Amino acid sequence: MAEKSFKYMILGGGVSAGYAAREFANQGVKPGELAIISRETVAPYERAALSKGYLFPEGASRQRLPSFHICAGAGWEILLPEWYEEKGISLIMDTEIVEADLDSKTLISAAGEAFKYQVLIIATGSTVLRLSDCGLQGANSKNIFYLRDIDEAEQISQALDAKKTAKAVVVGGGYIALEISASLRMNNIDVTMIFPEPWCMPRLFTPGIAAFYEGYYANKGIKIIKGTVAIGFDAHPNGEVKNVLLADGRALPADIVAVGVGAMPATTLFYWQLNEEVGGIKIDGLMRTNVPDVYAIGDVASFYSKIYNDVRRVEHVDHARRSAEQAVKAIYASEQGMTIEEYDYLPFFYSKTFDLSWQFYGDNVGDTVLFGDTDPKSESHKFGQYWIDNGKVVGVFLESGTAEECDAIGLVARVQPDALSMDEMAKQGIYFALCVQGHSDISLKGLKKRHSDLPYSP
Ligand code: FAD
Ligand code: NAD
């Protein structure tokens, strides 16, 4: 088969690829220079919409493409397939790369096509963990769903339209499980969540934060079973799932099962070719791997965190966007014999379910102080938490904050002010963050501006 050749190639067509394409255009990429290769069949879109708007019932701000192509989440121009065409950027879709030879700068697709590049950006994201891979009995039954791409979201949406009075079991207690459970419930589905930990989202939530969301979900009619796992599934004779079998001996009837038990960075193509750390592809502050002209961004990238002095991976939208921008700027700077400032990332995560919306900035280590109204039945839902490490405030979580308050917690996590006493922090609550913001000097204002470069809506 004829070989195709590009100056710049992005492998992956997800969030970071889309934001990288935008930055290439900002930098003046010439027609024919850039290609995006993706196994997906549609141009890059905001993946975060899949567990939220995409699954909403018809009429309730249900989202469909093209409304959430990148950069809808940042509030910038929506990059439709025509945009790529106008810029001369090749979207090579429905193409799975099965081999990468970084020595010869060649990628090979499942259909045997060869793609040559001069500069490669790896943006392959994460691969969903599947219960069938763990050999669970019945795990391939019909109506057991996972959620990573738009085809999977569409399958769930169609099952919801077909089974209006279904019982659903959501396996998992993390991001996916909480967001899908809420969306299913909005469709009037009877929902039960199951997860092994003592509280939901233990990667970020403390028992105090989790108690609010579990209480809120219970009030919405979602049942939560903790401390057990799914060990298999029974199916009807037609192959559709019938029961979820739990380790504690129970069998939960289910017409629909949604599984969210984690994801792994998609790095297998590069084993033995690239250095890895903390499970991802190790990069420097300019997003460069150990192989010249090969960069990595988004979920797969393990980067040095200047602020926390460690190496970490972040599986969230904000880092996907910013790391993409950083890589493209670094590539253009190096072509001009220049360099740019190293990546200095402040972790930022968010989620939205029902009428709730939380944001988190910083690091979730150290002692914690919960503040505000944590009663899940109250009208306000406004509460938060500070993480305090070595006397400094290093992380802040806020539910139902205003734009100003969310800006303020970002600033606090960045500047890490001295904490007050635990009692005082709890008493002052969000007022503490607003005071830090109010007293920020010019350099702090500079930081604040950097962190509001990108609007943060999903
Ligand atoms: P991805 O967006 O996953 O893109 C990877 C791309 O690479 C895909 O197009 C994939 O098909 C392609 N690919 C991989 N391997 C190959 C191959 N061999 N050949 C060809 N193509 C390949 N984060 C938040 O901060 N807030 C949220 O509310 C939020 N909601 C989310 C909801 C869902 C349902 C999911 C799944 C994730 C959510 N996230 C959220 C996480 C966020 O979407 C990811 O961190 C982000 O998408 C990472 O971007 P990425 O470009 O690294 O990977
Ligand atoms: P996760 O790691 O957040 O949660 C996995 C959960 O599954 C954990 O609670 C775990 O204990 C539980 N679990 C594991 N095995 C289980 C079993 N056999 N039975 C029941 N529960 C089990 O992963 P996720 O929620 O699947 O998310 C996948 C990826 O998508 C992550 O990268 C995440 O960051 C991303 N994502 C992010 C957001 C957001 O930022 N708002 C939203 C959706 C997805």
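Here C134, C200 are placed in order of increasing Cβ neighbour count within 10 Å, fewest first, which gives C134, C200.
The C-alpha atoms of the stretch 348-439 occupy a region whose extents along the principal axes are 35, 25, 24 Å, arranged from largest to smallest.
Taking the stretch 3-32 and a reference point 7 angstrom along Cα→Cβ of E152, the backbone N atoms nearer than 19 Å belong to 12-18.
Applied to the stretch 385-402, the Karplus parametrisation 6.51 cos²θ - 1.76 cosθ + 1.60 on θ = phi - 60° returns per-residue 3J(HN,Hα) values of 8, 9, 10, 10, 10, 6, x, 10, 7, 10, x, 9, 10, 9, 9, 6, x, 6 Hz, with x for Gly and Pro. The order of M9, M422, going from fewest to most other C-beta atoms within 10 Å of their C-beta, is M422, M9. Put in line by how crowded their Cβ is, counting other Cβ atoms within 10 Å and starting with the fewest, H316, H69, H439 read H439, H316, H69. Annotation note: trypsin sites (Lys or Arg not before Pro) in the stretch 89-157 located in DSSP loop regions with a Cβ neighbour count of at most 14 within 10 Å are R130. For the chain, the ratio of Cα radius of gyration to the globular rule of thumb 2.2 N^0.38 Å stands at 1.00. Helical runs assigned H by DSSP (4 residues or longer) give the chain a calculated mean residue ellipticity at 222 nm of -7500 deg cm²/dmol, each run adding -39500 (n - 2.57) before division by the residue total. Reducing the stretch 121-161 and the stretch 361-402 to their Cα centroids gives an inter-centroid distance of 33 Å. Nearest 5 is fine: what % of DSSP beta bridges in the chain come out antiparallel, could you say? Taking every DSSP beta bridge within the chain, about 60 percent pair in antiparallel fashion.
We did not get these values from a lab; they are worked out from the coordinates using the rules stated. Note that the coordinates shown come from a computational prediction; the quantities given were computed from them, not determined experimentally. Ideal geometry is used to build each Cβ from the backbone, glycine not excepted, and the neighbour counts take in all protein chains shown.
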